[in-house]
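These notes are about the structure you will find just below.
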Amino acid sequence: MSKNAISNSVIRRLPRYYRFLGELEKKGCVRISSRELSEKMGLTASQIRQDLNCFGGFGQQGYGYNVKELRGVIGNILGVKMNTPTILLGAGNLGKAIATIDFCKRGFNLIGIFDVNPELTGKTIGNLEIRNTTELESFCEEYKPIAAVLCIPKASAPETAERLISYGIRAFWNFSHYDLSITHNNVIVENVHLGDSLLTLSYGLNSLEYDSEE
C-alpha cells in the first residue's frame, strides 16, 4: 500500500504503538499478541492488525509480534533515525519548554534557536545559544535545516513560514495558533493547538458530569 493511501488516523496511531512497544521492551517483554496489545492500548485486536497490515505483515500465526522487531520497523516507518536538522523560532516560555524535548529520539536534531528579542541573544537553552532572527538566512545557508518549530505570535506566522520556505525549510511543527495553509509542494505542516487538547479534556469532564445527572 502506498503512503498516500494510508489514512491519517492510522498514521497518528503509529507513535502510540511505538511508545507502548518501547515500554514493553523496557519491561523485558519479548513477544505479544494483537489481543494483548489491544488490551493495553484500548484498541481492538482487529484494528491493530489492520493498521500494521498497511505496512506489511509483521506477526506470526500462533506467536504474535516480536516486540523489539516490531518497534524497530515502526521506528523506521516514522523516521526516528533521520536526524533531520531543525531550528526553533521563539525562545519565550513555550519555546524554552519545547526546546528541552529530546528531538533526537523522534527523528530530529535541534541545531538552532532564534528570537526577535535582542535581550535574549547570546543566552542559552540547553547547549544551544539563542540567535537573533536577523541571522536566519545566513544560518540556513550554512547549516541547511529542513524543519522548523514555530513558537511565535500568530500574526507573524504566515510571513515567517514563507520566509523559511525560501530558505529551504520543508516541514513545520507549528505552535503559533495560526493554522498554516501551505500551498507549496513538498512542505509538511503539523499544527499543534494545546488549547484544543485542553478543551477536549474539558468536554470529557463535562460529559461525565452530564451522564451523572441523568
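Mean residue ellipticity, 222 nm, helices only, the chain: the sum of -39500 (n - 2.57) across DSSP H runs of n ≥ 4, divided by residue count and rounded to 500, is -13500 deg cm²/dmol.
By the Stokes-Einstein formula, at 1.567 mPa s and 4 °C, the range 3-76 with its Kirkwood radius over alpha-carbon pairs has D equal to 105 µm²/s. Put in line by how crowded their Cβ is, counting other Cβ atoms within 10 Å and starting with the fewest, Ile152, Ile48, Ile111 read Ile111, Ile48, Ile152. Derived scalar couplings between HN and Hα for the range 171-181 equal 8, 10, 9, 10, 10, 7, 6, 10, 6, 4, 10 Hz in order, rounded to whole Hz, by the Karplus curve 6.51 cos²θ - 1.76 cosθ + 1.60 (θ = phi - 60°), x for Gly and Pro. Quick check on the range 84-196: take the gyration tensor over C-alpha atoms, sort the square-rooted eigenvalues as a ≥ b ≥ c, and tell me if it's rounded (a/c under 1.5), prolate or oblate. It is rounded, given that a/c, with a ≥ b ≥ c, falls under 1.5.
For the chain, what proportion of DSSP beta bridges, expressed in % and rounded to the nearest 5, is antiparallel? In the chain, DSSP labels about 20 percent of beta bridges as antiparallel.
Computed from the Cβ-Cβ distance with R0 of 45 Å, the FRET efficiency linking Glu69 to Glu142 stands at 0.70. Counted by neighbouring Cβ atoms within 10 Å, the residues Thr121, Thr200, Thr183, Thr134 run from fewest to most as Thr183, Thr200, Thr134, Thr121. Between Asn132, Asn53, Asn174, the Gaussian network model of the chain with springs among Cα atoms under 10 angstrom shows the greatest mean-square fluctuation at Asn53.
Over the chain, the alpha carbon radius of gyration divided by the compact-protein estimate 2.2 N^0.38 Å works out to 1.21. Note on the range 139-209 and the range 30-80: Cα centroid distance 30 Å, given to the nearest whole angstrom.
Residues in the range 152-161 carry Karplus couplings, in order, of 10, x, 3, 5, 8, 5, x, 5, 5, 4 Hz; the curve used is 6.51 cos²θ - 1.76 cosθ + 1.60 with θ = phi - 60°, and Gly or Pro positions show x. Bridging of Lys154 to aspartates and glutamates at a Cα separation below 12 Å is possible for Asp179, once same-chain residues fewer than 8 apart are set aside.
Sparsely packed loop sites in the range 60-163 (the GluC sites (Glu not before Pro) outside DSSP H, G, I, E and B with at most 12 other Cβ atoms within 10 Å) comprise Glu119. Placing a pseudo-label 7 Å from each Cα along the Cα-to-Cβ vector at Phe58 and Asp196 gives an inter-label distance of 2.6 nm.
All of the numbers you see were taken from the coordinates with simple rules; none came from a lab. Fair warning: this is a prediction, and the values are worked out from it, not measured in the lab. Using ideal geometry, Cβ is built from the backbone for each residue, glycine included, and neighbour counts are taken over all protein chains shown.
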